[in-house]
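Report on the following structure.
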Amino acid sequence: MKRVFMLGVGGFLTVMGVILTISPVPLGFVLAFFGLGLMIMHSPRMAAWVRFNRTYNDTVDKHATYAAKHMPGKVGQALDRTSPHRDYEGQKPVASPAE
């Protein structure tokens, strides 16, 4: 129930942010990325979609990287986890199926 509620709130904030991007104050970007961060935290499919779009669209990646640095705690970390340029040092290598 909480997951559905948070996805709804995140979707609402994202839509409102997209609508408000045409305003002279850049509040729309803040709302859009905050809502996107909420949806990423509660949906692996949304995280995969954002990671895919950040991989193939440099403008989206640039704005998401900037937003991740300025968002509060968990929302910024969620956006940062979708970065296609993550540093994988220190993580265990993925075992191949033959092993």
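Here are a few things to note about the model shown:
- Selection status of Gly11, of a type in the set (Gly, Ala, Ser) and either more than 11 Å from the chain's Cα centre (by Cα) or at pLDDT 85 or above (or both): yes
- Filtered by the rule that a residue be of a type outside the set (A, V, I, L, M, F, W, C) and not in a helix (DSSP H, G or I), region 1-31 gives Thr21, Ser23, Pro24, Pro26.
- Residue in region 25-38 that is of a type outside the set (Gly, Ala, Ser) and at pLDDT below 80 present: yes
- Taking region 30-60 as the range and being surrounded by fewer than 16 Cβ atoms within 10 Å (Cβ to Cβ) and over 23 Å from Phe5 (Cβ atoms) as the test, the residues that pass are Phe52, Asn53, Thr55, Tyr56, Asn57, Asp58, Thr59, Val60.
- Options Gly17, Gly37: the member that is closer than 20 Å to Gly73 by Cβ, of a type outside the set (A, V, I, L, M) and in contact (Cβ under 8 Å) with a residue 40 or more places away in the chain: Gly37
The values are calculated or read from the model by the stated rules, or taken from the named source; none is laboratory data. Just so it is clear, the model here is predicted, and its values are computed rather than measured. Backbone-built Cβ (ideal geometry, glycine too); neighbour counts: all protein chains shown.
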